[in-house]
Amino acid sequence: MMPRPANVSVVDPINPAIERVKNMLFRPFDLAKWMTIGFCAWLATLGENGFNGGNFHSPSHGHGGDIHRQFEQAKAFVMGNLSWIIPLAAVLIILGFALGLVFLWLNSRGQFMFLHCVALNVAEVSAPWNKFKLQGNSLFWFRFVVSMIGTVLTLPLLVMCFFPIYRMISARKFIAGDLMELIVVFIVMMVLGCIALVITKLTADFVVPIMFLRGSRCVAAWREFLSLVFENLGRFVLYFLFQILLHLAIGMTVLLLLVITCGLCVVGCCMLIIPYIGTVMFLPILVFTRSYSLYYLQQYGSDFDVFKPAVNSPA
């Protein structure tokens, strides 16, 4: 049974996390160090932002008949060109799946690289890449299995969405039963999405540091972490709630800085969308959020302290 510490605060880790940012990036400022740590942070966040889809607005003067006609035209086009649409779709799916696996693997390895830099206040790439190879690969396989389970659960729900939408478009009207079916499916998908978000957050914030400290595989680290959670469930719920407030505050701060800079706003926004450059520009925030979860975990005892000198011992 895990010990239950007397005092665990979600506020106390803020100041040491800020000091960590200052000591790592500004005392003194070293561009080479900043760029190296930024590269590790970029790998640690690779593929997490996803793709930003376009905004589709139907014209204000559109009619339901237009939607029905466009649907029928699209249906006719697809049915008339299945000979090349199906192979093309298969190739795109395979390529997308392969690219996703590469991103997931690099991200898993990168999480240990970035954690290594933050925990030891160093700018290293090859050392943590080699040292935490076993842990990084274990994290990759765990996340891959979780992703596949999520896919298996989600795909049937997406298929279920198709039929009520098809029936309503074909009937050119809303059907109460189909709308209720869509709402139920949407709620179930939201629940699954929340579960996936919780697993992802807990893995990155706490399971990865435990793997970092113990040199263990992901499942073993999850077992240890779950024992800690069962003894401190209320505290971790509070941690999640505070994380929402913390990220809202960070988002508002970034937005305020963009507004204040005004003239540089457009240039800054353009640079932020460049993957590596955007990560380097946001590095203080990334170091802060990584440090915050580590200082929070540290409150549960010296066994969960990634900043102690023993971490620097060779594997």
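The values are calculated or read from the model by the stated rules, or taken from the named source; none is laboratory data. Keep in mind the model is a prediction, meaning the values are calculated, not measured. For neighbour counting, all protein chains shown are included, and Cβ atoms are generated from backbone atoms with ideal geometry for every residue, glycine included.
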By residue number, the members of region 164-177 that are assigned to a helix (DSSP H, G or I), free of Cβ contacts under 8 Å to residues at least 12 places away in the same chain and of a type in the set (A, V, I, L, M, F, W, C) are MET168, ALA171, ALA176
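How many residues, within region 84-115, are of a type in the set (Val, Ile, Thr) and either within 14 Å of the chain's Cα centre (by Cα) or modelled with pLDDT of 90 or more (or both)? Write out each step before concluding.
Initial filter on region 84-115 (of a type in the set (Val, Ile, Thr)): 85-86, 91, 93-94, 102.
Next cut, either within 14 Å of the chain's Cα centre (by Cα) or modelled with pLDDT of 90 or more (or both) only: 94, 102.
Final tally of qualifying residues: 2.
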Tally the residues that are out of contact with any Cys (no Cβ under 8 Å at 6 or more places or on another chain) and either modelled with pLDDT under 95 or over 18 Å from PHE103 (Cα atoms) (or both), restricting the search to region 116-129.
-> 7
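In region 75-101, how many are part of a helix (DSSP H, G or I) and over 30 Å from GLU48 (Cβ atoms)?
Of the residues in that region, 12 qualify.
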Name the helices (runs of 4 or more DSSP H) wholly inside region 186-264 in which the number of residues that are surrounded by 11 or more Cβ atoms within 10 Å (Cβ to Cβ) and of a type in the set (Asp, Glu) is 2 or more.
-> 218-231
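Yes/no per residue for (1) within 18 Å of the chain's Cα centre (by Cα); (2) not hydrophobic (A, V, I, L, M, F, W, C):
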residue: LEU179; (1), (2): no, no
residue: VAL188; (1), (2): no, no
residue: CYS194; (1), (2): yes, no
residue: LYS201; (1), (2): yes, yes
residue: LEU213; (1), (2): no, no
residue: LEU226; (1), (2): no, no
Tally time: how many residues in region 139-196 are modelled with pLDDT of 90 or more, among the aromatic types (Phe, Trp, Tyr) and touching a Phe, Trp or Tyr at 6+ places or on another chain (Cβ under 9 Å)?
-> 3
